[in-house]
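Below you'll find the structure, written out as structure tokens, and then a few comments.
Values quoted throughout were computed directly from the atomic coordinates according to the rules given, and no laboratory measurement underlies them. Source: prediction; values computed, not measured. Glycine also receives a Cβ, built like all others from the backbone with ideal geometry; neighbour counts cover every protein chain displayed.
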Amino acid sequence: MSDQLTENLPILIVPAKILRLKARPVTRADQALVDRLIPRMFASMYAAPGIGLAAPQVGASLRLIVIDLMADQKPEPLVMINPEIVAASTEQATREEGCLSLPGQYAEITRPARVKVRFEDQAGVRRDLDAEGLFAACIQHEIDHLNGVLFVDYLSSLKRNILLRKLAKEQKIAAEKKAEKKS
Ligand code: NI
């Protein structure tokens, strides 16, 4: 990717190919790139607004995610580098999910209710975190992005196709409106 990163990185929308790739691990050689990416990913996420964003969604195929649940409207930014789910509960939980790469689309998704995630923070310190509720769902959703997986992949092919067609139609209308404004 280029070095000419603007302040707010555009969020890629399905069917952008990079969203379907397995992202590569972050190494020490990526430090400068990652340090530039992180504030811009937060800026894009807060502007959307969203509660989580994975690097592939802004065009960087790297194992890096940012999360801020904004609990009690207070910012609590969290960076996870090379995150990995190391344990998951057998108990499942279902909640409505959306995705900044599938704007306007939502579905009930079932996942393990609690997970333990292992990652490196921005300082390179390895951490383990136990998560439940919205936090657990968000972590799993963002790590899925690093493996080219989208929340619609958990739906039946019928439901998935309905949702993807609806997205394509809405994106086409939005693009036409934008073109009209320009002309
Ligand atoms: Ni997403």
### Task
For the chain, go through all pairs of different Cα atoms, get the mean of 1/r, take its inverse, and jot down that Kirkwood value in Å.
17.1
### Task
Grab the DSSP H runs of the chain that are 4 residues or longer, score each as -39,500 (n - 2.57), total them, divide by all residues and round the 222 nm result to the nearest 500 deg cm²/dmol.
-10500 deg cm²/dmol
### Message
As a footprinting exposure proxy, order SER89, SER183, SER157 by other Cβ within 10 Å, with the fewest listed first.
### Response
SER183, SER157, SER89
## Note on the structure
The lysines whose Cα lies under 25 Å from the Cα of LYS178, excluding any fewer than 8 residues away in the same chain, are LYS17, LYS166, LYS169
#### Entry: Residue-span extension gain [LYS116 to GLU76] - 0.36 nm each, minus C-alpha spacing
12.5 nm
### Query
By how many nm would the segment from ILE162 to LEU69 grow when fully extended, if each residue of separation counts as 0.36 nm and the alpha-carbon distance is taken off?
30.6 nm
### Candidate aspartates and glutamates - alpha carbon under 18 Å from LYS172, same-chain residues fewer than 8 apart omitted
GLU180
